[in-house]
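The values are calculated or read from the model by the stated rules, or taken from the named source; none is laboratory data. From a predicted model like this one, the values you see are computed outputs, not experimental measurements. Note: ideal-geometry Cβ built from the backbone for every residue, glycine included; neighbour counts use all protein chains shown.
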Amino acid sequence: MKLYIDWNVLNGIKNGNFKELEEIIKQTENFIIVYSTSHISDIASSYSEEKENPEIQSDLEFISEITNDICVFNNGHDIVIQHNEPFHLFESEIESRNLLDDFSFDKMIDTIDDDGKNPELVAPLKTLLQSLPINNIFKDAFENPQSAEMMDTMFPGLKDNPTIEGLFNSMGKMLENINEKEGYKDLKNPFKHLNINQGKLNSPDNNPFEILKETYNKLGVDSPLEKDHMDDKHAPKWFNDITTAYINLDMHGFHSDKVKVTDKEKNTFKNTTQDAFHTAFASTCDVYITNDKKNYQKAQAVYSQKNINTYVLKPKEFVDFYYENLEKSDFMTSWNKFNQVVKTGEFYDISDKNNPNDLNQVHFSNFNYFGYFNRIHLFNSDEDKEMFSFMFGKELPTNCLGVFYKEIKYMIKTIVDHFGTDSNDRGYFDESEIDMNNHWCGRIWDFGEFQYRLVKDKRYFQFYYDFKSNSPTDQ
């Protein structure tokens, strides 16, 4: 299973907490732990150029060790997963942060001519932009009593200097206010006038998206959480949808984050956006482990609304999940559980109603059969209509970016340890079996009237049990 663990939990493990969880996730044959650029942002939040930062070095080393440098990140166009050293990403994070510090019109102009060799070319551009008025839509918004207060909050100083220069300076002040100070409170203020029933909104019995939809419907407008408006220029649409929904829930008061900046703590809009990114990145994995109660609630709500197939679990919940569904996944335990499912008939019928010869039923499970599969299909064999087949498959994460062969290596070992080498004398998995087209030869164990097959179909790995007898329990 791919695990995505938020920094609070990983930092707790590093400092000697969550001992039972640590023992479990360090079973490298069972788990792949993934980190993201948001983990690096969390670590970088304590960085200071004015002092030594030994703790940051230690944090980066810990991230590198526990994840084996497997990172999910946005490359500017898409979300990808590959090996990437945390130290390299940390340096990029600090460079990016320095570019945004003191974001202003003059700094933008200095960036254009960073070596100072072309002042005669830059000066006319600077003069032009300083005098170029901004769109009338901004002017109208400032003059409208219903939006004037919000505009002053979002674009401080722009009303007094309604030019491109003023817009850049205003954006710099806005970024500083919400990311470094308590300006996020001001952004939340307008939503208080919606008179949202916070008790209903935060009740575990209610869907927050439906409560907000009802609130906006009473006002005669559509809920912003219902709108499908995010583009995919700089990230996949699914990533933008998750992060936007998450931030919208927070801004409307659903388990809203605390906004407070003191000498001892700094909780700003940046914290909320990074948690939104964590939630989106985690949807590429099987499990998201978080100990942040508010992040836990919002992530669960967003995943439920967006039909995201990723578990959101607190550390103790994951430990319980492991002992119930993952700890004992050897061949015989898995096979006995399979037989129980067959006897109880806990299958959903998804057969083609227009084809009387079609038989297709499916069983979904939290248990990982043979350490990997969580879905069982019963259907007719395409090759022999008298033969029935059970197929073990895996319900992949909704935004899965691909399957690592490491994920199926232990599963193959579990089956080979029970049957021995297959009919072609193939045993444990070896990467040399993968050809240039990413095709894998699989495994076949032929026992006459019944056969076991391990195959790869595109990005899915499947384990078939084909038989001609009336019941798999006969074998």
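Tell me, which residue of the stretch 425-459 that is in contact with a helix residue (DSSP H, G or I) (Cβ under 9 Å, 6 or more places away or on another chain) and among the aliphatic types (A, V, I, L, M) is nearest to TYR372 (Cα to Cα)?
That would be LEU454.
Name the single residue that is nearest to THR244 (Cα to Cα) among those in the stretch 187-227 being assigned to a loop (DSSP other than H, G, I, E, B) and hydrophobic (A, V, I, L, M, F, W, C).
Within the stretch 187-227, the subset assigned to a loop (DSSP other than H, G, I, E, B) is 193-197, 202-207, 219-227.
Remaining after also requiring hydrophobic (A, V, I, L, M, F, W, C): 194, 196, 219, 221, 225.
On the way: LEU194: 19, ILE196: 19, LEU219: 22, VAL221: 19, LEU225: 8 Å.
Only one residue fits best here, namely LEU225.
Looking at (1) under 26 Å from ASP186 (Cβ atoms); (2) in contact with a Ser or Thr (Cβ under 7 Å, 6 or more places away or on another chain), which one does ASP286 not meet, given that it meets all the others?
That leaves (1) as the condition not met.
Which of the residues that make up the stretch 6-30 are surrounded by fewer than 21 Cβ atoms within 10 Å (Cβ to Cβ) and assigned to a loop (DSSP other than H, G, I, E, B)?
Those that are surrounded by fewer than 21 Cβ atoms within 10 Å (Cβ to Cβ) and assigned to a loop (DSSP other than H, G, I, E, B): ASN15, GLY16, ASN17, LYS26, GLN27, THR28, GLU29, ASN30.
Any idea how many residues of the stretch 228-240 are part of a helix (DSSP H, G or I) and surrounded by 19 or more Cβ atoms within 10 Å (Cβ to Cβ)? Steps first, answer last, please.
Taking the stretch 228-240 and keeping what is part of a helix (DSSP H, G or I), we get 237-240.
Then drop every residue that is not surrounded by 19 or more Cβ atoms within 10 Å (Cβ to Cβ), which leaves 239.
Looking only at that region, the number is 1.
Go through (1) surrounded by 21 or more Cβ atoms within 10 Å (Cβ to Cβ); (2) closer than 27 Å to GLU210 by Cβ for CYS285 and report which single condition fails.
Checking CYS285 against (1) surrounded by 21 or more Cβ atoms within 10 Å (Cβ to Cβ); (2) closer than 27 Å to GLU210 by Cβ, the one that fails is (2).
Name every residue in the stretch 267-281 that is of a type outside the set (Gly, Ala, Ser) and part of a helix (DSSP H, G or I), in order of residue number. So that I can check it myself, show each step before the final result.
Of all residues in the stretch 267-281, those of a type outside the set (Gly, Ala, Ser) come to 267-275, 277-279, 281.
The answer is PHE269, LYS270, ASN271, THR272, THR273, GLN274, ASP275, PHE277, HIS278, THR279, PHE281.
For the subset of the stretch 307-350 comprising residues that are in a loop (DSSP other than H, G, I, E, B) and more than 22 Å from the chain's Cα centre (by Cα), which member is surrounded by the fewest Cβ atoms within 10 Å (Cβ to Cβ)? Let's see the steps before the verdict.
Residues of the stretch 307-350 in a loop (DSSP other than H, G, I, E, B): 307-310, 314, 326-330, 345-347, 350.
Then keep just the ones that are more than 22 Å from the chain's Cα centre (by Cα); that gives 327-330, 345-347, 350.
Numbers: GLU327: 15, LYS328: 13, SER329: 20, ASP330: 13, GLY345: 9, GLU346: 13, PHE347: 16, ILE350: 13.
The selected residue is GLY345.
From the residues in the stretch 440-460 that are at pLDDT below 90 and assigned to a strand (DSSP E or B), which one is surrounded by the fewest Cβ atoms within 10 Å (Cβ to Cβ)?
Going through the qualifying residues, I end up with ASP457.
Test of understanding: among ASN295, ASN202, ASN195, ASN248, which residue is assigned by TED's automatic domain parsing to the domain that holds PHE18, closer than 29 Å to GLU180 by Cα, touching a residue at least 40 places away in the same chain (Cβ under 8 Å) and more than 14 Å from the chain's Cα centre (by Cα)? Steps first, please.
Details: ASN295 fails: more than 14 Å from the chain's Cα centre (by Cα); ASN195 fails: touching a residue at least 40 places away in the same chain (Cβ under 8 Å); ASN248 fails: touching a residue at least 40 places away in the same chain (Cβ under 8 Å).
Checking each option against the conditions leaves just ASN202.
For the condition under 18 Å from PHE239 (Cβ atoms) and either aliphatic (A, V, I, L, M) or touching a residue at least 24 places away in the same chain (Cβ under 8 Å) (or both), what is the one hit in VAL302, VAL319?
Values: VAL319 fails: under 18 Å from PHE239 (Cβ atoms).
Exactly one of VAL302, VAL319 is under 18 Å from PHE239 (Cβ atoms) and either aliphatic (A, V, I, L, M) or touching a residue at least 24 places away in the same chain (Cβ under 8 Å) (or both), namely VAL302.
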